Amino acid sequence: MENTRSVVAAAMSVLVGAVLTSGIAVASPSGSTDARAGQGSSAMAAVAASRAASPIPVRTLEAVTLRAEPTTRSAALGVLGKGMKLLAYEGAVHGKYKACGKSGNRWERVGKAGTDIKGWVASSCLKYP
């Protein structure tokens, strides 16, 4: 039953992500799903490769913790300042958090071009284009 809830939550997140980004939203393989998951793993791999090749530009809404994995229990890698420009490579749905004044369970794997900065950030702390 819990797995079914996770799949439904992930699908909702992906659909919202696709609307917010006007592009393809992909969830990570850590228990979440892609909007095209019913089409098989090859479709999922193609979508993941497409997003990895064309990451989405995002900006932090306020100072936010960068994490090693998409969960608040994961190691904090550092704090990203307000207004930092990043690239979002994939999304994931995992657990629950309260961040940037909102509750949620969606995460983005982000990185900063030309640096070693990479990790996971709560989606509610990001501004999408």
Selected residue (only one of S74, S42, S50 is in a loop (DSSP other than H, G, I, E, B), of a type in the set (S, T, Y) and at pLDDT 50 or above):
S74
Residue check, L87 out of contact with any Asp or Glu (no Cβ under 9 Å at 6 or more places or on another chain), at pLDDT 95 or above and crowded, with 19+ Cβ neighbours inside 10 Å:
no
Report the residue count in region 55-108 for those that are farther than 17 Å from Y128 by Cβ and aromatic (F, W, Y).
1
Which of the residues that make up region 66-81 are open to solvent by 50 Å² or more (accessible area, probe 1.4 Å) and within 20 Å of S103 (Cβ to Cβ)?
E69, T72, R73, A76
Region 91-129, residues that are over 21 Å from P55 (Cα atoms), in contact (Cβ under 8 Å) with a residue 24 or more places away in the chain and not in a loop (DSSP other than H, G, I, E, B)
G95, Y97, A99
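The values are calculated or read from the model by the stated rules, or taken from the named source; none is laboratory data. Every value quoted in this text rests on a predicted model; they were computed, and no experiment measured them. Note that each Cβ is placed from the backbone with ideal geometry, even for glycine, and that neighbours are counted across all protein chains shown. Just so you know, the surface numbers come from the protein's heavy atoms only, side chains and all, with ligands and any DNA or RNA stripped out. Shrake-Rupley method; radii C 1.70, N 1.55, O 1.52, S 1.80 Å.
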